[in-house]
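Take a look at the structure below.
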Amino acid sequence: MAHDNITLQRIEKAHPKIREQLKADYLECNNNILGKGVRLRFSCVDRTPEEQNKLYAQGRTLPGDIVTWVKAWFSYHQYGLAFDIVLLYDNDGNGTFEEASWDLLKDGDGDKIADWEECISFFKAKGYETIPNDKPHFQKTFGYKCKELIRLKRDRDGYVIFK
């Protein structure tokens with residue numbers, strides 16, 4: 001079964017309410033949607049408030065391009081309800097997947113459909129939301145806004161408790 005161990009480790013940090021389904025969806029995408037030579041990786045699942053604020057500062061008070069529009073606790077990553085993707089390509093066929101790509105048009109498996117579009121369509125069909133200006137980002141909000149999540153009680157592991 002095709003998978004990326006780094007991604008499986010990251011999925012373990014997702015909110016318990018989505019963790020098992022997210023793992024199943026990830027494996028289904030890798031094994032039934034993407035073809036040979038293409039592997040899906042989750043580049044981020046959970047993100048600490050400190051990491052979020054540092055990313056928010058990037059392109060504003062720190063060097064680099066702007067990569068996020070929200071500060072800590074206004075990103076679903078802090079609640080384990082979001083993930084970002086990157087596609088890995090095994091260009092030489094040796095199984096090492098040496099290229100990481102955010103190319104929206106690349107068709108590495110040669111099925112005449114951009115690999116990125118295959119992933120977007122798959123995860124949207126599974127109920128994950130996307131953000132128009134943030135192509136690698138997916139989230140499951142269960143109808144909650146971050147300003148509501150921040151007020152919810154948390155379990156002993158720090159995850160918000162849904163009603």
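The table below lists the values:
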| quantity | calculated |
| --- | --- |
| Highest average packing first - 75-84, 21-30, Cβ atoms within 10 Å | 75-84, 21-30 |
| Normalised contact order of the chain, rounded percent, pairs of Cα under 8 Å and 6 or more residues apart | 21 |
| Restraint check, LYS13/LYS153; LYS54/LYS140; LYS54/LYS106; LYS112/LYS145; LYS36/LYS71, Cα-Cα greater than 28 Å | LYS54/LYS106; LYS112/LYS145; LYS36/LYS71 |
| On Cα atoms only, tilt of 16-28 relative to the major axis of the chain in degrees | 10 |
| Convex hull projection area averaged over all views, the range 39-105, Cα basis, nm² | 5.7 |
| The range 77-158: proportion of alpha-carbon pairs further apart than 22 angstrom, % | 41 |
| Packing-based order for 127-134, 34-41, using average beta carbon neighbours within 10 Å, highest first | 34-41, 127-134 |
| Value at 222 nm in deg cm²/dmol, rounded to 500, when DSSP H runs of n ≥ 4 in the chain each add -39,500 (n - 2.57) | -7500 deg cm²/dmol |
| Helix 115-125 vs. the chain, principal-axis angle (Cα, 0 to 90°, nearest 10) | 50 |
| For the chain, the fraction of alpha-carbon pairs in successive 5 Å shells from zero, as % | 1, 8, 17, 21, 19, 15, 11, 5, 2, 0 |
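Coordinate-derived values only; no laboratory data. Nothing here was measured: the structure is a model prediction, and the numbers come from that model. So basically every Cβ, Gly included, is an ideal-geometry build from the backbone, and we count neighbours across all protein chains shown.
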